[in-house]
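J.: Shown below is the structure under consideration.
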Amino acid sequence: MSHPVLDLRGVRYAYPGGHEALSGVDLHVHAGERVALLGPNGAGKTTLVLHLNAILRATSGSVSVSGRQVTTDTIAEIRRCVGVVFQDPDDQLFMPTVRDDVSFGPANLGLRGDDLAERVDEALTAVGVADLADRPPHHLSFGQRRRVAIATVLAMRPEILVLDEPSSNLDPAARRELAEILESLDVTILMVTHDLPYAAQLCERALVLSGGRIVADGPTVDLLRDEELMRAHRLELPFGFSV
Amino acid sequence: MGAGTGQHLHVEGNSLLHRMSATAKLVGLLALVVVVVAIPKGAWFALAGSLCLGMLVLVSTGVSARHTLPRLAVDLPFVVFALVLPFVATGTRVPLGPVTVSESGLVAAGTLLAKASTGALVGVAFAVTTAPRDLVLALQQLRVPDPMVSIVSFMVRYLSVVSGELARMRIALASRGFRGRSLRSWPTIAASAGALFVRSFERGERVHLAMLSRGYAGRLPALEAPTTTPSMWALALAPAAIAGGLLVGALR
């Protein structure tokens, strides 16, 4: 059987102050899966995301991406394979125009000229914002900025797309449009979210991270129906929702 | 959210200056300013000539006075200083209408006003015809050190984000009855400035993380450089050459 795209074993991480944010995380995601990572505030979700592309390094345990262990030598390749889309697009979009920003990642990989232009067009078209290429990011609506942020990562042709709260601050139409785009992408997705209906709509499998450990792993709908599990980890469907 | 200071300086257009590469414009601007600064004080013909040159450059942008005049306000501190100078300077006094003023002060004031205004005129002409992105490209092409180009580039990008945050903070303060009109409000203003600094610093760290995630290794990738034709260089350096002629005339 092929290697999982993401394979974490016994990952522990303590911040310099001593607070242990991850206390032995075991997690694997296979190619083609769309997986939701659920958990209450402070569960360690963002800390975990920063381990996936080697921004943070585990105190103990191992992180592998498509069979490659995260080490100092593999960092550049790991960051190409794992595309992280951060929660606030203003943190991600820092170049003067959308085109420059989407070029940033592939240019760091060494692409130039026509190859670079082709990569940029491909990524912008995939998220339906090819017409915004020459606009400055701060002139775009929030929904457009979120889509461009995804394009900046897609341009690196990642093996897995990691999205941190992709539906936050979006109006209902932008939220639906983003879901349609994510469904249309041919890429493995790990989606960190509080938006349980969104997780149920997009991801067939879900993981629950609580207290720095994975406490549940299974079909999203089954987890959301497990009232006891949900209550124990401060997860709730919005009023009026049932699955 | 505001459009950002960097953004509203630039006015779209199709004048010669709009079409000229920012690199040539920047070099031309710098050369002109250096020459004008070198004109000796009291060389009225050369000073008046350079002032006319500055006006001509600004008019050639085709941008309406409604846009350019408010931006010329950067010249105001120099105007005020020039107005005060003849009264406070020492030396021989000469009558000027009902009052007597310092002769050397008057000469220094006139010289200062002409030089500063020329600089302001061409500076505004550059600003209204150059998009912030082109300025960054020009700095990169002129081999300005990378950290400085990055600082300018991030400033252009995040000025509107930070000013948006400041605006929201002011609204939040005003909504809770804050009126910044007395000494007692100073601690609140200081605390807000501190909070804004901390938020910007934290944003800087998040932006850096996002950059690392996309393979940043200490150098911004070079963007496609604008091409500068020989005729562009000639045109961009023409005002400096004319001012140079005036300078030589004044020195003889």
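J.: For region A:200-243, enumerate the residues that are in contact (Cβ under 8 Å) with a residue 12 or more places away in the chain, of a type in the set (Lys, Arg) and more than 28 Å from A:Thr59 (Cβ to Cβ).
T.: A:Arg225
J.: Moving on. Determine whether region A:108-122 contains at least one residue that is at the interface with chain B (Cβ under 10 Å from one of its Cβ atoms), touching a residue at least 60 places away in the same chain (Cβ under 8 Å), open to solvent by 10 Å² or more (accessible area, probe 1.4 Å) and of a type in the set (Lys, Arg).
T.: Within region A:108-122, the first condition is being at the interface with chain B (Cβ under 10 Å from one of its Cβ atoms), and the residues that meet it are A:108-113, A:116-117.
Restricting the remaining residues to those that are touching a residue at least 60 places away in the same chain (Cβ under 8 Å) gives none.
The answer is no, given that none of the residues of region A:108-122 is at the interface with chain B (Cβ under 10 Å from one of its Cβ atoms), touching a residue at least 60 places away in the same chain (Cβ under 8 Å), open to solvent by 10 Å² or more (accessible area, probe 1.4 Å) and of a type in the set (Lys, Arg).
J.: Testing B:Asp75 on (1) crowded, with 16+ Cβ neighbours inside 10 Å; (2) modelled with pLDDT under 90, one condition comes back false. Which one is that?
T.: Among (1) crowded, with 16+ Cβ neighbours inside 10 Å; (2) modelled with pLDDT under 90, B:Asp75 violates only (2).
J.: How about region B:197-232: which of its residues are farther than 21 Å from A:Gln92 by Cβ and modelled with pLDDT of 90 or more?
T.: B:Phe197, B:Thr229, B:Pro230, B:Ser231, B:Met232
J.: Among (1) within 14 Å of chain A (Cβ to nearest Cβ); (2) open to solvent by 40 Å² or more (accessible area, probe 1.4 Å); (3) more than 23 Å from A:Phe142 (Cβ to Cβ), which single condition is B:Arg179 missing?
T.: Looking at each condition in turn, B:Arg179 falls short on (1).
J.: Further, regarding this structure: Strands (runs of 3 or more DSSP E) wholly in region A:1-89 with at least 1 residues that are exposed (fewer than 15 other Cβ atoms within 10 Å of the Cβ) and in contact with a Lys or Arg (Cβ under 9 Å, 6 or more places away or on another chain) - which ones?
T.: So the answer is A:20-29, A:60-65.
J.: Look at B:Val63 and say whether it is surrounded by 14 or more Cβ atoms within 10 Å (Cβ to Cβ), at pLDDT 95 or above and closer than 21 Å to B:Lys25 by Cβ.
T.: Details: surrounded by 14 or more Cβ atoms within 10 Å (Cβ to Cβ): yes; at pLDDT 95 or above: no; closer than 21 Å to B:Lys25 by Cβ: yes.
Taking the combined requirement at face value, the residue does not satisfy it.
J.: Is there any pair with a first residue in region B:145-158 that is open to solvent by less than 40 Å² (accessible area, probe 1.4 Å) and a second that is small (Gly, Ala, Ser) and not in a helix (DSSP H, G or I) whose Cβ atoms are under 9 Å apart and which are 6 or more apart or on different chains, and what are they?
T.: B:Val156/B:Gly4; B:Arg157/B:Gly4; B:Tyr158/B:Gly4
J.: Just the residues that are within 19 Å of B:Leu56 (Cα to Cα), open to solvent by 30 Å² or more (accessible area, probe 1.4 Å) and either outside any helix (DSSP H, G or I) or touching a residue at least 40 places away in the same chain (Cβ under 8 Å) (or both), please, taken from region B:88-118.
T.: B:Lys115
J.: Keeping to region B:183-216, report how many residues are within 14 Å of chain A (Cβ to nearest Cβ) and not acidic (Asp, Glu). Step through it out loud before you land on a result.
T.: Within region B:183-216, the first condition is being within 14 Å of chain A (Cβ to nearest Cβ), and the residues that meet it are B:199-216.
Still in the list and also not acidic (Asp, Glu): B:199-201, B:203-204, B:206-216.
Summing the residues that are within 14 Å of chain A (Cβ to nearest Cβ) and not acidic (Asp, Glu) in region B:183-216 gives 16.
J.: Determine whether region A:127-137 contains at least one residue that is part of a loop (DSSP other than H, G, I, E, B), open to solvent by 60 Å² or more (accessible area, probe 1.4 Å) and more than 12 Å from chain B (Cβ to nearest Cβ). Lay out the reasoning, then the answer.
T.: The first filter runs over region A:127-137 and keeps only residues part of a loop (DSSP other than H, G, I, E, B), leaving A:127-129, A:133-136.
Checking which are open to solvent by 60 Å² or more (accessible area, probe 1.4 Å) leaves us with A:134-135.
Within this subset, residues satisfying the condition of being more than 12 Å from chain B (Cβ to nearest Cβ) are none.
No, region A:127-137 contains no residue that is part of a loop (DSSP other than H, G, I, E, B), open to solvent by 60 Å² or more (accessible area, probe 1.4 Å) and more than 12 Å from chain B (Cβ to nearest Cβ).
J.: Moving on to the next point. Any residue at all in region A:156-164 that's touching a strand residue (DSSP E or B) at 6+ places or on another chain (Cβ under 9 Å) and more than 19 Å from A:Gln92 (Cα to Cα)?
T.: Our first condition is that a residue be touching a strand residue (DSSP E or B) at 6+ places or on another chain (Cβ under 9 Å); within region A:156-164, this holds for A:156-164.
Those left that are additionally more than 19 Å from A:Gln92 (Cα to Cα): A:159.
Yes, some residue in region A:156-164 is touching a strand residue (DSSP E or B) at 6+ places or on another chain (Cβ under 9 Å) and more than 19 Å from A:Gln92 (Cα to Cα).
J.: Here is a check on your reading of the model: is B:Arg170 closer than 30 Å to B:Arg219 by Cα and either within 14 Å of another protein chain (Cβ to nearest Cβ) or modelled with pLDDT under 90 (or both)?
T.: Values: closer than 30 Å to B:Arg219 by Cα: no; either within 14 Å of another protein chain (Cβ to nearest Cβ) or modelled with pLDDT under 90 (or both): yes.
Answer is no for this residue.
J.: Only one residue in B:Ser153, B:Ser160 is in contact with a Ser or Thr (Cβ under 8 Å, 6 or more places away or on another chain), within 12 Å of chain A (Cβ to nearest Cβ) and within 30 Å of A:Ala107 (Cα to Cα). Which one?
T.: Details: B:Ser153 fails: in contact with a Ser or Thr (Cβ under 8 Å, 6 or more places away or on another chain).
Result of the check over B:Ser153, B:Ser160: B:Ser160.
J.: Of the numbered conditions (1) touching an Asp or Glu at 6+ places or on another chain (Cβ under 9 Å); (2) open to solvent by 10 Å² or more (accessible area, probe 1.4 Å), A:Thr220 fails exactly one; give the number of that condition.
T.: (2)
J.: Let me ask something additional. Restricting attention to region A:91-107, and to residues there that are part of a helix (DSSP H, G or I) and more than 20 Å from the chain's Cα centre (by Cα), which single residue is surrounded by the most Cβ atoms within 10 Å (Cβ to Cβ)?
T.: Here is the first cut: in region A:91-107, the residues part of a helix (DSSP H, G or I) are A:91-92, A:98-107.
In the following step, the residues that additionally are more than 20 Å from the chain's Cα centre (by Cα) were identified as A:98-100, A:107.
Numbers: A:Val98: 28, A:Arg99: 21, A:Asp100: 25, A:Ala107: 21.
Going through the qualifying residues, I end up with A:Val98.
J.: State all residues of region A:55-107 that are more than 9 Å from every other protein chain (Cβ to nearest Cβ), small (Gly, Ala, Ser) and either in contact with a strand residue (DSSP E or B) (Cβ under 6 Å, 6 or more places away or on another chain) or without any contact (Cβ under 8 Å) to a residue 40 or more places away in the chain (or both); if no residue qualifies, say none.
T.: Passing the criteria: A:Ala58, A:Ser60, A:Gly61, A:Ser62, A:Ser64.
J.: Still on this structure: Output the residues belonging to region B:125-144 that are surrounded by fewer than 17 Cβ atoms within 10 Å (Cβ to Cβ) and either part of a helix (DSSP H, G or I) or in contact (Cβ under 8 Å) with a residue 40 or more places away in the chain (or both). Before you say what the answer is, go through the steps one by one.
T.: Step one: of region B:125-144, the residues surrounded by fewer than 17 Cβ atoms within 10 Å (Cβ to Cβ) are B:142-144.
Matches in region B:125-144: B:Leu142 only.
J.: Could you list, in sequence order, all residues of region A:162-177 that are within 14 Å of chain B (Cβ to nearest Cβ) and buried (at least 22 other Cβ atoms within 10 Å of the Cβ)?
T.: The initial filter retains those residues of region A:162-177 that are within 14 Å of chain B (Cβ to nearest Cβ), namely A:162-165, A:169.
Result: A:Val162, A:Leu163.
J.: Moving on to the next point. Would you pick out the residues in region B:183-239 that are at positive phi and either surrounded by 16 or more Cβ atoms within 10 Å (Cβ to Cβ) or outside any loop (DSSP other than H, G, I, E, B) (or both)? Don't jump to the end; show me each part of the working.
T.: From region B:183-239, those at positive phi are B:215, B:218; that's our starting set.
If the condition is that a residue be at positive phi and either surrounded by 16 or more Cβ atoms within 10 Å (Cβ to Cβ) or outside any loop (DSSP other than H, G, I, E, B) (or both), then B:Gly215 is the only one that fits.
J.: Something else about it: Sort out which residues of region A:178-212 are charged (D, E, K, R), at pLDDT 95 or above and buried (at least 17 other Cβ atoms within 10 Å of the Cβ), and write them in order of number.
T.: A:Arg205, the sole residue that qualifies.
The values are calculated or read from the model by the stated rules, or taken from the named source; none is laboratory data. Model, not experiment: these values are computed from the prediction. So basically every Cβ, Gly included, is an ideal-geometry build from the backbone, and we count neighbours across all protein chains shown. Heavy atoms of the whole protein, side chains included, go into the accessibility calculation; ligands, DNA and RNA do not. Shrake-Rupley method; radii C 1.70, N 1.55, O 1.52, S 1.80 Å.
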